[in-house]
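Student: Before I ask anything, let me first share the structure, which is written out below as structure tokens.
Coordinate-derived values only; no laboratory data. Everything numeric in this text was worked out from a predicted model, so none of it was measured. A quick note on method: Cβ atoms are made from the backbone with ideal geometry, for glycine too, and the neighbour counts reach across all protein chains shown.
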Ligand code: BT5
């Protein structure tokens, strides 16, 4: 099913997933789905997942497949739109939030032409290879510890990978989704995904973006140290299933986080699930910090603001923004 023209966000009904209504590109005036080519690798071979396109829409990530998968996961999402191509689901999500978009609007895409990571970095993946989506969320509670939400969303993505593929996924602080070599059936682990959370101060909305490398071949990887589910040894992972399950778990963790507000003890309890998956804890590491010297030490804990505490020669140093490099995982 293609996104239908003429629906507006206001006319999309709130409620259970069975009422999911595609929000058309016309409603936002920002984006227009365009046909994507049949996907082949640089060597001309078709992608191993056999992604095919019907009228420009990838069949394993078409609107009906994604909606079916989201419905299966339950939840109270408002709308879902699947694009064959978009600049960045987060950029458009933030623009929609600024324009008054309600909570629960989901944007999924096959390809991003200006995908973004944290700190203005790029997120790159060829068409037909990735599960990439953003969701606009409005918290209900008055005060929140914002730094914790992206960490919990990382847990949600790991849970989805595990549920769909049976392969254990972990997190490198703050929210790189990684598969350790020892957990990958092929032994080829690395960074398999990432999360980008952005807050629109005006509306209070959070736009949570997820990029997951599903079927990138070795030559598609944008950086050394990256991997994909197929490279890790997962046979034919289905993108729509991954998106649906991830959204279901994101709703679970978002609801729990929203209920907790700034209660440090309750946040601490939520973070148990993050700490269990965080490979930066107990690991020798180097943290590159914007505007500060690199910090060398051992990951000691993750605090109730989402900060990483590093034991640097006996001194406990808190890091709120930074990039971690481990000896074992780049
Ligand atoms: C992230 O940033 O890891 C967050 C990535 C979020 C992407 C999603 S896709 C849907 C939504 N819409 C967007 O525009 N973004 C979100 P960060 O920790 O800053 O990592 C970025 C770095 O990862 C880059 O500088 C590269 O080194 C590397 N990188 C880029 N593309 C990659 C890929 N496909 N797989 C693994 N690493 C990649």
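Student: Return the whole-Å distance between the Cα centroid of region 64-141 and the Cα centroid of region 254-286.
Tutor: 24
Student: For residue 259 and residue 54, what does the FRET efficiency come to when R0 = 35 Å and r is the distance between their Cβ atoms, rounded to the nearest 0.05?
Tutor: 0.25
Student: Moving on. For 172, 191, 68, what ranking results if the residue with the fewest other Cβ atoms within 10 Å of its Cβ goes first?
Tutor: 68, 191, 172
Student: So how far apart, in nm, are the two label points at residue 327 and residue 296 if each is 7 Å from Cα heading toward Cβ?
Tutor: Computed distance between label sites residue 327 and residue 296 equals 1.2 nm.
Student: Could you please rank 182, 85, placing first whichever residue has the fewest other Cβ atoms within 10 Å of its Cβ?
Tutor: Fewest-to-most Cβ neighbours within 10 Å comes out as 182, 85.
Student: Provide the packing ranking of 112-118, 57-63, i.e. peptides ordered by the mean count of other C-beta atoms within 10 Å per residue, highest first.
Tutor: Ranked from most to least packed, the peptides come out as 57-63, 112-118.
Student: Another question, if that's okay. I need 163, 254, 133 ordered by Cβ neighbour count within 10 Å, fewest first.
Tutor: With the fewest neighbours first, 163, 254, 133 line up as 163, 254, 133.
Student: What order, most packed first, do the peptides 291-303, 88-100 have when packing is the mean number of other Cβ atoms within 10 Å of each residue?
Tutor: The packing order, highest mean first, is 88-100, 291-303.
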